[in-house]
Amino acid sequence: MYYPLYFVLNIISSVGFAPIIEEIMFRVFLQTYARKFFSPKGAIWVSSICFSLFHFSKEQGLGNISIIGSL
């Protein structure tokens with residue numbers, strides 16, 4: 001909070017840019033690439049599993065495993 005501009009920029013990037021970049025990475029690039037090797041449903045599964053594992057944090061321990069299913 002010593003630098004309000006940095007705080008605002010951090011909020012904008014965390015709330016605005018990060019989700020958009022994730023959607024582009026996982027849905028556009030990865031899912032499109034996976035469609036070359038799998039059916040459309042299979043490509044969605046591959047993309048979903050990679051998305052879940054990307055958000056897994058081993059520092060949070062086994063309690064984080066339940067979150068993977070909801071992602």
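For the stretch 16-25, state whether one or more residues are touching a helix residue (DSSP H, G or I) at 6+ places or on another chain (Cβ under 9 Å), assigned to a helix (DSSP H, G or I) and closer than 26 Å to S66 by Cα.
yes
Does at least one position in the stretch 44-63 carry a residue that is modelled with pLDDT of 90 or more, charged (D, E, K, R) and either more than 16 Å from the chain's Cα centre (by Cα) or open to solvent by less than 100 Å² (accessible area, probe 1.4 Å) (or both)?
No, there is no match, as no residue in the stretch 44-63 is modelled with pLDDT of 90 or more, charged (D, E, K, R) and either more than 16 Å from the chain's Cα centre (by Cα) or open to solvent by less than 100 Å² (accessible area, probe 1.4 Å) (or both).
Please list, ordered by first then second residue, the pairs with beta carbon atoms under 9 Å, 6 or more apart or interchain, first in the stretch 8-24 and touching a residue at least 24 places away in the same chain (Cβ under 8 Å), second open to solvent by 80 Å² or more (accessible area, probe 1.4 Å) and part of a helix (DSSP H, G or I).
E22/F54
The values are calculated or read from the model by the stated rules, or taken from the named source; none is laboratory data. No experiment lies behind these values; they were computed from the predicted model shown. All Cβ positions, glycine included, derive from the backbone under ideal geometry; neighbour counts span all protein chains shown. These area figures cover heavy atoms from the full protein model, side chains too; ligands, DNA and RNA do not enter into them. Shrake-Rupley method; radii C 1.70, N 1.55, O 1.52, S 1.80 Å.
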